[in-house]
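Trainee: Below is the structure I would like to discuss, written out as structure tokens.
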Amino acid sequence: MPRLKLALPEYVDYSTTLTVRITDLNYGGHLANQSLLALLNEARVGFLARFGFDELGTSTRPGIILADVAVTYRSEAFAAEQLTIEVAADEMGRTGFDLYYRVSAGTRPVADARTRIVFFDYTARKSVVIPAGFVESLQAARKFP
């Protein structure tokens, strides 16, 4: 079976730097799969906060839920390395969008990933339409970085 290929957008909506902790390593001495997912989650929370949203939402604003995730590993990452995670939203639909992640250690690519984000009302336990405020904030940020 051929390897998964992700076509990441050229633009970046949010970027953060996170350190690989010793507890993020697996038995092979490099960044573990579940730890990478946790780092992506940290970047996603920062991305959402930039645009005035969070994962759980409030009584007046929906949260989000993940529909799926895809990851391609490009190289190992090790303890104490600084990872830059660049995040970009794309593929807007009625209730969700794709969030792409480019993870690197300096100039070395570490991983690429994509998560499908769906806006979710945790009280009603159902997906909801993407809030206009989210789209407007994203568009405004792209015009005036």
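Trainee: Can you confirm whether the range 106-124 contains a residue that is within 14 Å of Leu37 (Cα to Cα), aliphatic (A, V, I, L, M) and surrounded by fewer than 17 Cβ atoms within 10 Å (Cβ to Cβ)?
Mentor: no
Trainee: While we're on this one: Is it the case that some residue within the range 2-17 is in contact with a helix residue (DSSP H, G or I) (Cβ under 7 Å, 6 or more places away or on another chain) and of a type in the set (A, V, I, L, M, F, W, C)?
Mentor: No, the conditions are met nowhere in the range 2-17.
Trainee: Six or more apart or on different chains, Cβ atoms under 9 Å: show the pairs whose first residue is in the range 78-98 and among the hydroxyl-bearing types (Ser, Thr, Tyr) and whose second is surrounded by fewer than 16 Cβ atoms within 10 Å (Cβ to Cβ).
Mentor: Thr84/Ser15; Thr84/Thr17; Thr84/Gly106; Thr95/Val129
Trainee: Just give me the residues in the range 16-45 being farther than 28 Å from Asp121 by Cβ, buried (at least 19 other Cβ atoms within 10 Å of the Cβ) and under 15 Å from the mean Cα position of the chain (by Cα), in sequence order.
Mentor: Listed by number, the list holds a single entry, Leu36.
Trainee: Also, quick follow-up: Within the range 97-108, which residues are closer than 13 Å to Glu81 by Cβ and part of a strand (DSSP E or B)?
Mentor: Val103, Ser104, Ala105, Arg108 - these are the residues of the range 97-108 that are closer than 13 Å to Glu81 by Cβ and part of a strand (DSSP E or B).
Trainee: If I go through the range 1-15 residue by residue, how many of them are under 17 Å from the mean Cα position of the chain (by Cα), in a loop (DSSP other than H, G, I, E, B) and surrounded by 10 or more Cβ atoms within 10 Å (Cβ to Cβ)?
Mentor: Result for the range 1-15: 6.
Trainee: A follow-up question, please. Within the range 46-91, can you find the residues that are within 15 Å of the chain's Cα centre (by Cα), hydrophobic (A, V, I, L, M, F, W, C) and part of a loop (DSSP other than H, G, I, E, B)?
Mentor: If the condition is that a residue be within 15 Å of the chain's Cα centre (by Cα), hydrophobic (A, V, I, L, M, F, W, C) and part of a loop (DSSP other than H, G, I, E, B), then Phe51, Phe53 are the ones that fit.
Trainee: Only one of Thr17, Thr23, Thr107 is of a type in the set (Val, Ile, Thr) and touching a residue at least 24 places away in the same chain (Cβ under 8 Å). Can you tell me which? Don't jump to the end; show me each part of the working.
Mentor: Values: Thr23 fails: touching a residue at least 24 places away in the same chain (Cβ under 8 Å); Thr107 fails: touching a residue at least 24 places away in the same chain (Cβ under 8 Å).
Exactly one of Thr17, Thr23, Thr107 is of a type in the set (Val, Ile, Thr) and touching a residue at least 24 places away in the same chain (Cβ under 8 Å), namely Thr17.
Computed from the coordinates by the stated procedures, all read-outs in this text should not be read as laboratory data. Not measured: the values here are computed from a predicted model. Methodologically, a virtual Cβ is constructed for each residue, glycine included, from the backbone with ideal geometry; neighbour enumeration extends over all protein chains shown.
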